[in-house]
Amino acid sequence: MAVLWGSTFFSIKRVVDHIPVADFLAVRFLISGILLTIIFRKSLKMSRKTFIQGLFLGVLWAVAQLLQTQGLSMTSASISGFVTGLYVVFTPVIAWIMYRSKLGAWTWVAVGLATVGLAALTIHPTQGDPLVGQGEILTVGCAIMYAVHIVIMGRWSTPEEAGALSIGQSLSMTVVFFIAAAPGGITLPTGIVDWAWMMYLAVLCGALTLLIQTWAQGLMDATKAAVIMCSEPLWATFFAILFGGERPGWMFALGAVAILGAMYLVIRPPVRHGQAATPVA
């Protein structure tokens, strides 16, 4: 899932050069929703509680997607990937705020380190440019919304209801995106290449990843889920350099290292007395 998500930064940036953000998301998640409904049609007989939970989670995800995609249209794919990855740091903090989950001292150190990394990635010292880019600000908002989604998903999701929750989320996301796109009319992709990217993003990076996340979060806590997802920025940078022609500078490297360090501090296993830490599987 993290590899597929990482590939979306480069591929989405190509698509939104030709299609407005809201229009792209509306079409993408309409396709995802139809596919999920066909595959999990038996899950349509879900309880009212599950349906409402799915709708609410979908709205959270839709807001995050709108912020992320709009922000991506204003910044590079590699920077967007790393700033989005801050949800790994935000997740335990938000879990503490919402549910008073235990929060260790190293998490606060990670927050400070992530702030340094974020500054390195987003502050533009070049004269004539805004000090902090609007695209990066929107992406920070997206990371916060993703973290809220992860925390709540961890509380509500079960493997048995993965299909039902995925359908509910997909339905509400599609409605939100179509409302956002409606004032200017819906612009559809043109040409085989744009439609090929749209199908890739809708089927593999939309329906499949949503189902994987919903199912997997029924088996692990929110912080561990965020940890595994934290490889997404690395894959985003990999694809941006390999296929997007991006060449990040030293400020990007500094920010990336700081954010990766913050991610590690958040997810590092506790060290018991007289026992060395072992990697998280």
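The values are calculated or read from the model by the stated rules, or taken from the named source; none is laboratory data. Keep in mind that this is a model prediction, so the values were computed, not measured. Please note: Cβ atoms are built from the backbone with ideal geometry, for glycine as well, and neighbour counts cover all protein chains shown.
Within the range 7-16, the set of residues being touching a Ser or Thr at 6+ places or on another chain (Cβ under 8 Å), surrounded by fewer than 24 Cβ atoms within 10 Å (Cβ to Cβ) and assigned to a helix (DSSP H, G or I) comprises 13 only.
For the range 208-225, the candidate set comprises residues that are under 15 Å from the mean Cα position of the chain (by Cα) and under 16 Å from residue 3 (Cβ atoms); within that set, the residue that is modelled with the lowest pLDDT is 225.
Counting only residues that are more than 16 Å from residue 265 (Cβ to Cβ) and hydrophobic (A, V, I, L, M, F, W, C), how many does the range 96-110 have? Quick ask: steps written out before the conclusion?
Going residue by residue through the range 96-110, those that are more than 16 Å from residue 265 (Cβ to Cβ) are 97-101.
Right, trim to hydrophobic (A, V, I, L, M, F, W, C) and you get 97-98.
Qualifying residue count, the range 96-110: 2.
Restricting attention to the range 101-119, the residues that are over 15 Å from residue 261 (Cα atoms) and at pLDDT 80 or above total 0. Take the conditions (1) modelled with pLDDT under 80; (2) β-branched (Val, Ile, Thr); (3) in a helix (DSSP H, G or I); residue 278 misses just one of them, which is (3). So, in the range 17-47, of the ones that are exposed (fewer than 14 other Cβ atoms within 10 Å of the Cβ) and basic (Lys, Arg), which residue ends up nearest to residue 195 (Cα to Cα)? Of everything passing the filter in the range 17-47, 41 is nearest to residue 195 (Cα to Cα). Restricting attention to the range 141-173 and to residues that are at pLDDT 90 or above and not aliphatic (A, V, I, L, M), the residue that is nearest to residue 36 (Cα to Cα) turns out to be 172. The lone criterion from (1) under 22 Å from residue 177 (Cα atoms); (2) in a helix (DSSP H, G or I); (3) not β-branched (Val, Ile, Thr) left unmet by residue 82 is number (1).
The rows are residues; the columns are (1) small (Gly, Ala, Ser); (2) assigned to a helix (DSSP H, G or I); (3) surrounded by 15 or more Cβ atoms within 10 Å (Cβ to Cβ).
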position	(1), (2), (3)
143	yes, yes, yes
149	no, yes, yes
154	yes, yes, yes
172	yes, yes, yes
176	no, yes, yes
180	yes, yes, yes
183	no, yes, no
189	no, no, yes
193	no, yes, no
